[in-house]
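Report on one structure; see the data block that follows.
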């Protein structure tokens, strides 16, 4: 059950990991409402001492889920803990009959706006995690 206290804990973890508040409390409130309306779900990861060490929010529709926002205490592990959240999220999606999991665009070194090393690392993860990749063509007019 996602309580307001848990969602606040998630928001504060995100602020701690990012080093600053990246957006308003109102946007977090909107995402919490989405969870309560069944339009999103939250996966949380806790340490053996019950400390929140990771959380990920997924927006959902009938057939698709989107990785919306997450925060992880990467400093506690030598391997990415986010994989655990993704695995649990996929299991939940399958139980809900969701057919597609959209984890976001994949960036490339030659993109118009060159990605950072972190963004390239995330892109490599997405590619390895994916069963399908779809091209998105944007034409400027």
Of all the residues that make up segment 112-141, how many are at pLDDT 90 or above and in contact with a helix residue (DSSP H, G or I) (Cβ under 9 Å, 6 or more places away or on another chain)?
-> 1
Name the pairs whose Cβ atoms lie under 8 Å apart, with the first residue in segment 71-84 and under 21 Å from residue 21 (Cβ atoms), the second at pLDDT below 85, and 6 or more positions between them or separate chains?
-> 72/80; 74/80
Could you count how many residues in segment 37-59 are closer than 15 Å to residue 98 by Cα and surrounded by fewer than 17 Cβ atoms within 10 Å (Cβ to Cβ)?
-> 2
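With the condition kept exactly as written, say whether any residue in segment 61-77 is surrounded by 12 or more Cβ atoms within 10 Å (Cβ to Cβ) and more than 23 Å from residue 105 (Cβ to Cβ).
First pass over segment 61-77, keeping only residues surrounded by 12 or more Cβ atoms within 10 Å (Cβ to Cβ): 64-74, 77.
Then drop every residue that is not more than 23 Å from residue 105 (Cβ to Cβ), which leaves 73, 77.
Looking for residues that are surrounded by 12 or more Cβ atoms within 10 Å (Cβ to Cβ) and more than 23 Å from residue 105 (Cβ to Cβ), one finds at least one in segment 61-77, hence yes.
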Within segment 103-128, the residues that are surrounded by fewer than 13 Cβ atoms within 10 Å (Cβ to Cβ) and in contact with a strand residue (DSSP E or B) (Cβ under 9 Å, 6 or more places away or on another chain) are 104
Matching residues in segment 129-141 (surrounded by 11 or more Cβ atoms within 10 Å (Cβ to Cβ) and over 18 Å from residue 56 (Cβ atoms)) number 0
Are there any pairs with C-beta distances below 8 angstrom linking a residue in segment 23-40 that is in a helix (DSSP H, G or I) to a residue that is exposed (fewer than 12 other Cβ atoms within 10 Å of the Cβ), with the two at least 6 apart or on different chains, and if so which?
-> 32/4
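The values are calculated or read from the model by the stated rules, or taken from the named source; none is laboratory data. Note that this is a predicted model, so its numbers are computed, not measured. Neighbour counts are summed over all protein chains in view; Cβ atoms, including those assigned to glycine, are modelled from backbone coordinates with ideal geometry.
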